[in-house]
Amino acid sequence: MGVRLVEITDENREAVRALKVHPSQERFVGSVTSSLNDAVQIPEAEPWYRAVYDGDEPVGFVMLSWNVPPGRPGILGPYYLWRLLIDGRHQGRGHGTAVLDLVVDLIRADGATELLTSHHPAEDGPGPFYRKYGFVPTGEIDNGEPVLRLEVTPPDAG
C-alpha cells in the first residue's frame, strides 16, 4: 500500500470532494467540501489539509490545525487533528492508520510533542479507532466531544 499525502489542486479537487464515508458514518465526520469551507472560514485555526492517495487514487482527506500559537480562543492545539475521512469504499484497509503515521511523522519533524483530536461520543463512532492508535482521553470536552491526546515522542527518543 502506497499511502501518501497530496496537495489539493485544481486537477484533483473534484475527485477529492467526491470522497464520502459510509452513510452510517456521516454524523461523525464532515464532508471534504465542508472541511475546505471550514478552513477558509476559520483561518485562525491554521488549517493544513491534504488528500490521501493510495497509489494514484484519492482515498481520503485529512485536515489539521498546524502549530497554532497559544492563546487563540476556541482553537485546540497547537496540533489538532480536525478531520480524517477515508472513503467508504476504501475503509478497512489500513489507510486511516497509515495517514496517522504520516501525520505524526510530519508534526514530530515540526517539533510537536502531542496531537489532539476530538470525536463524536457515540459507541459506533471513531473513538475506538483513535484509542487503538494510542490516543487517550484528556478529560476535556470541546463542543460536546471528548478530547483525546496522542503523545508524540521526539525523533531521537525513539
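Couple of notes before you dig in:
- In this structure, ARG50 does not qualify as modelled with pLDDT of 95 or more and surrounded by fewer than 20 Cβ atoms within 10 Å (Cβ to Cβ).
- Test: residue in the range 44-56 that is in contact with a helix residue (DSSP H, G or I) (Cβ under 6 Å, 6 or more places away or on another chain) and among the basic types (Lys, Arg): no
- Applying the set (1) surrounded by 13 or more Cβ atoms within 10 Å (Cβ to Cβ); (2) farther than 17 Å from GLY30 by Cβ to ASP124 leaves exactly one unmet item: (1).
- Looking across the range 86-126, the residues that are acidic (Asp, Glu) and either touching a residue at least 40 places away in the same chain (Cβ under 8 Å) or assigned to a loop (DSSP other than H, G, I, E, B) (or both) come down to ASP87, ASP110, GLU123, ASP124.
- Qualifying residue in the range 77-84 (condition: out of contact with any helix residue (DSSP H, G or I) (no Cβ under 6 Å at 6 or more places or on another chain), small (Gly, Ala, Ser) and farther than 23 Å from GLY134 by Cβ): no
Matching residues to (1) touching a strand residue (DSSP E or B) at 6+ places or on another chain (Cβ under 6 Å); (2) surrounded by fewer than 22 Cβ atoms within 10 Å (Cβ to Cβ); (3) closer than 25 Å to ALA15 by Cα:
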position	(1), (2), (3)
GLY77	yes, yes, no
ILE86	yes, no, yes
GLY96	yes, no, yes
VAL103	no, no, yes
ALA109	no, yes, no
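- The set of residues in the range 127-158 being over 14 Å from the mean Cα position of the chain (by Cα), touching a residue at least 40 places away in the same chain (Cβ under 8 Å) and farther than 17 Å from ASP101 by Cβ consists of ASP142 alone.
- Within the range 127-153, considering residues that are assigned to a loop (DSSP other than H, G, I, E, B) and touching a Ser or Thr at 6+ places or on another chain (Cβ under 8 Å), the one surrounded by the most Cβ atoms within 10 Å (Cβ to Cβ): PHE135
- Residue ID - surrounded by the most Cβ atoms within 10 Å (Cβ to Cβ), chosen from residues in the range 24-37 that are out of contact with any helix residue (DSSP H, G or I) (no Cβ under 8 Å at 6 or more places or on another chain) and not hydroxyl-bearing (Ser, Thr, Tyr): VAL29
- Test set (1) over 14 Å from SER118 (Cβ atoms); (2) more than 14 Å from the chain's Cα centre (by Cα) - GLY74 fails condition number: (1)
- Some residue of the range 69-82 being part of a strand (DSSP E or B) and in contact (Cβ under 8 Å) with a residue 40 or more places away in the chain: yes
- Odd one out for THR33 among (1) more than 25 Å from ASP124 (Cα to Cα); (2) assigned to a helix (DSSP H, G or I): (1)
The values are calculated or read from the model by the stated rules, or taken from the named source; none is laboratory data. All of these numbers come straight from a predicted model, not from anything done at the bench. Virtual Cβ from ideal backbone geometry, glycine too; neighbours counted across all protein chains shown.
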